[in-house]
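Values quoted throughout were computed directly from the atomic coordinates according to the rules given, and no laboratory measurement underlies them. Fair warning: this is a prediction, and the values are worked out from it, not measured in the lab. Glycine gets a Cβ as well: all are built from the backbone with ideal geometry, and neighbour counts include every protein chain shown.
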Amino acid sequence: MFLPSNCVSCGREPSVLCESCRLGLNESVRPISRAGLDGFCLIEYGDLGSALLHAFKSGGFFALGQSLAARLAVLQPKPTVDLLVAAPSSAEATRARGFVPAGVIAATLGRAWGLPVFESCLVREVADQAGLSADQRRRNLAGAMAVGQPLSGKTVWLVDDITTTGSTLAELAAVCRAAGASVAGFSTLAQTSLRHNPSPHLAVEGLNSP
Ligand SMILES: [Zn+2]
């Protein structure tokens, strides 16, 4: 497993993301749209974004994800909603990591905004999303998610770690609406396109295996 001992950006400073690279990081929150929803993302999924997400999700730098999420909480407008709903991870990925990345991000946002967080789960096995087309991703996730708490009459805000085609957000939104909630939008740490889909060994899409 890739475990950076120095800054993932410059490779010089003994910190996972050194202060000067943190300042240089293009982490201006921008509005984005996926799955018919408007949302916000912190970073573009480029070389540095991929290294950061990988260090957080698979490299043992749990606090890096919290620190990026804390930036997002400050830089994006606080949504006017009742609660946050975090995207699920596969059971396999959760066993390997010991945490659900979107859950960590949602917990950080929820603390900053004073909003409760509901986690979602997968109710059946799904294939790794890496390498699938947008259509295949939709089919792969159809009917695969559940939120274990009552959502009727609530307005919710979705949270994921990285969004590609938005198939995860679309399915999670459908589950929330089926449970009686209205979905106001979403937050994600990073966005990418299928064109820049992470290579399987980096495994940063929310539902990829580690
Ligand atoms: Zn650096």
What is the helix-to-structure angle for 167-178, meaning the angle in degrees between its Cα long axis and the longest Cα principal axis of the chain, kept from 0 to 90 and rounded to the nearest 10? 30 degrees
Please compute P(r) over all alpha-carbon pairs of the chain, binned at 10 Å starting from zero, and give each bin as a whole-number percent. 9, 38, 38, 13, 2, 0
Amide proton proximity set for residue 120, modelled H, under 5 Å, gap of 5+: 86
Compute the helix-to-body angle for 62-75: its Cα long axis versus the longest principal axis of the chain, expressed 0 to 90° and rounded to tens. 70 degrees
Springs between alpha-carbon pairs under 10 angstrom, Gaussian network model over the chain: which of 71, 124, 177 fluctuates most? 124
Counting helices only, and only those DSSP H runs with n ≥ 4, report the 222 nm mean residue ellipticity of the chain as the sum of -39,500 (n - 2.57) divided by its residues, in deg cm²/dmol to the nearest 500. -10000 deg cm²/dmol
Could you work out how far helix 47-57 tilts from the main Cα principal axis of the chain, as a 0 to 90 degree angle to the nearest 10? 70 degrees
Among 11-23, 79-91, 34-46, how do they line up by average Cβ neighbours within 10 Å per residue, starting with the highest? 79-91, 34-46, 11-23
Give me the percent of DSSP beta bridges within the chain that run antiparallel, rounded to the nearest 5. 30 percent
